[in-house]
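Structure first, then comments.
The values are calculated or read from the model by the stated rules, or taken from the named source; none is laboratory data. Bear in mind the structure is a predicted one, so any value in this text is a computation, not a measurement. Cβ: placed from backbone, ideal geometry, glycine included. Neighbour counts: every protein chain shown.
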Amino acid sequence: MYNIFDSHAHYNDEQFDIDRDSLLASLPEAGIVGIINCGTDIQSSLESIKYAEKYQYFYAACGFHPESANDVKEGDFDKIEKMLSHEKCVALGEIGLDYHYDFVPKDIQLTVFERQLEIAVKNDIPVIVHDREAHADTLDLLKKYRPKGVLHCFSGSVETAREILNLGMYIGLGGAVTFKNAVKPVEVAAFLPEDRLLVETDCPYMAPVPKRGKRNDSSYIVYIAEKLAEIRSCTAEHILDVTAENARRLFNIC
Ligand code: NI
């Protein structure tokens, strides 16, 4: 297979320390034509840019993940905004809300998310949004700021997906659609218009069946494409072609 565009990865993760360079050098041979590596704090955002400078097919997203929101200092927003002007930085992310764990108070998460939405709109750059068990607050802020972007690892209902589409945004699907107990992701996968769908790994996490529990990497997108093809009655190649085209359109990559 070829034309694999992984719209959400974390190759800075320590699980890749052992073989990062050889793995990233080998991915084009496995059909990977694009990867967006998402920062979660200053350090990982800088690392995303570093790999993007080294690998032609690699792109950076820079931003503060809700789990890092406690550590964000005032001057840090300026640092992220400066990174956005790098030629290989194509998005602000990943940003959002996560109410699953309570490490970070909601008001701090909301403030950090909102500040970054302001920066994204001001700089006319797409956002990569993380929403875990925070659908209502996430939607409220997206409706307020109306950024371009993608809801990554989408876990909501068809009804919520429809609201995201109405905002002009894309929806990212990954390993969760392949899980045996998947209901909502499968319904959403069947419902989405073809021109708003992205595929992603969120690697090293969320490996799809039959690799579930293993370290994930962008070559496993093939299993996600096969599952989506089954759900949508088309070929996996078709899924890869349209999702690569969608990613290039959203992130303004020629
Ligand atoms: Ni992520």
Residue list for the range 78-136, filter: closer than 18 Å to Arg249 by Cα and acidic (Asp, Glu)
Glu87, Asp124
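Here is a yes/no grid of residues against (1) at pLDDT 95 or above; (2) over 25 Å from Val90 (Cα atoms); (3) among the polar types (S, T, N, Q); (4) out of contact with any Pro (no Cβ under 6 Å at 6 or more places or on another chain):
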| residue | (1), (2), (3), (4) |
| --- | --- |
| Asp202 | yes, no, no, yes |
| Pro210 | yes, yes, no, yes |
| Ile224 | yes, no, no, no |
| Lys227 | yes, yes, no, yes |
| Ile231 | yes, yes, no, yes |
| Cys234 | yes, yes, no, yes |
| Ala247 | yes, no, no, yes |
If you take the residues of the range 104-134 that are within 16 Å of the ligand (Cβ to nearest atom) and over 16 Å from Val150 (Cα atoms), which of them is surrounded by the fewest Cβ atoms within 10 Å (Cβ to Cβ)?
Glu133
Test for Asn246: is it among the polar types (S, T, N, Q), assigned to a helix (DSSP H, G or I) and more than 16 Å from the ligand (Cβ to nearest atom)
yes
I'm trying to understand the selection: among the residues of the range 21-41, which are within 16 Å of the ligand (Cβ to nearest atom) and either assigned to a helix (DSSP H, G or I) or touching a strand residue (DSSP E or B) at 6+ places or on another chain (Cβ under 9 Å) (or both)?
Ile35, Ile36, Asn37, Cys38, Gly39, Thr40
Just one of the numbered conditions (1) without any contact (Cβ under 8 Å) to a residue 60 or more places away in the chain; (2) buried (at least 19 other Cβ atoms within 10 Å of the Cβ); (3) within 21 Å of Gly34 (Cβ to Cβ); (4) small (Gly, Ala, Ser) is not true of Gly156; which one?
(3)
Mind checking which pairs have a first residue in the range 1-21 that is over 15 Å from Ala61 (Cα atoms) and a second that is hydroxyl-bearing (Ser, Thr, Tyr) and away from the ligand (no atom under 16 Å from the Cβ), Cβ under 8 Å, 6 or more apart or different chains?
Ile4/Ser219
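Is it fair to say Gly175 is more than 16 Å from the ligand (Cβ to nearest atom) and within 22 Å of Gly93 (Cα to Cα)?
It is false that Gly175 is more than 16 Å from the ligand (Cβ to nearest atom) and within 22 Å of Gly93 (Cα to Cα).
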The range 189-209: number of residues that are in a strand (DSSP E or B) and within 16 Å of the ligand (Cβ to nearest atom):
3
